[in-house]
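Below is one structure, written out as structure tokens; comments come after it.
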Amino acid sequence: VQLQASGGGLVQAGGSLRLSCAASGRFLRFIGMGWYRQNPGQERELVASITSEGTTNYADSVQGRFTISRDNARNTVNMQMNSLKPEDTAVYYCYIKLPGRREYWGQGTQVTVSS
């Protein structure tokens, strides 16, 4: 299973970015997909997640600003990030959870928000 993330970049505070992550490989369905983020020397933080049924979960710090969505047929998860803040700067990693406790991670995409 491979994950290909895209959409990171540099944006000014208050701006928007959209991250996408496409999963490919041999699996029939996924349980959930989502995004973590991490800065050097800090723990990885769950940003948002979504189940295949559409149940979402957000970190308090992004609630109301970020929106996660999924396309089950394409095994893709997207995250619209609005009203970005400098503290949102991090490397964002997408992941996918499959049946049988299998979990896979993407390579990470840098998001930088300038003040």
GluC sites (Glu not before Pro) lying in DSSP loop within segment 28-87, provided at most 13 other Cβ fall within 10 Å: E43, E53
Contact order normalised by residue count of segment 1-99, Cα under 8 Å, 6+ apart, percent: 37 percent
Accessible surface ranking that places the most exposed of D60, D88 first, with a 1.4 angstrom probe: D60, D88
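Relative to the present Cα-Cα distance, how much length would full extension add between R74 and V1 at 0.36 nm per residue of separation?
Values: separation 73, 0.36 × 73 = 26.28 nm, distance 1.37 nm.
Full extension of this stretch gives 24.9 nm more.
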Calculated P(r) tail over 25 Å for segment 18-115, as whole % of Cα pairs: 15 percent
Charge dipole (the chain, unit charges on Cβ, about Cα centre) - positive-most of N39, Y95, F27: F27
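For segment 60-110, what class follows from the C-alpha gyration tensor (a ≥ b ≥ c being the square roots of its eigenvalues): rounded when a/c is under 1.5, otherwise prolate if a/b is larger than b/c, else oblate? Present the calculation step by step, with values, prior to reporting the outcome.
Details: a/c = 2.28, a/b = 1.65, b/c = 1.38.
Taking the square roots of the gyration eigenvalues as a ≥ b ≥ c, segment 60-110 is prolate.
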Charge dipole (debye, nearest 20) of segment 1-90; +1 at Cβ of Lys and Arg, -1 at Cβ of Asp and Glu: 320 debye
Taking segment 24-64 and dividing mean pair separation by its residue count, relative contact order in percent (alpha carbons under 8 Å, at least six apart): 31 percent
Carbon plus sulfur fraction of accessible area for the chain, probe 1.4 Å, in percent: 44 percent
In segment 29-106, trypsin sites (Lys or Arg not before Pro) in a DSSP loop with at most 12 other beta-carbon atoms within 10 Å: R29, R101
Inter-site label distance for A13 and T51 at 7 Å from Cα along Cβ, in nm: 3.8 nm
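Can you give me the accessible area per residue for the chain, using a 1.4 Å probe, in Å²? Don't skip to the end; give the middle numbers.
Details: 6350 Å² over 115 residues.
Result: 55 Å² of accessible area for each residue.
The values are calculated or read from the model by the stated rules, or taken from the named source; none is laboratory data. Note that the coordinates shown come from a computational prediction; the quantities given were computed from them, not determined experimentally. Don't worry about glycine lacking a Cβ; one is built from the backbone with ideal geometry, like all the others, and counts go over all protein chains shown. Calculation scope for accessible area: heavy atoms of the full protein, side chains included, ligands and nucleic acids excluded. Shrake-Rupley method; radii C 1.70, N 1.55, O 1.52, S 1.80 Å.
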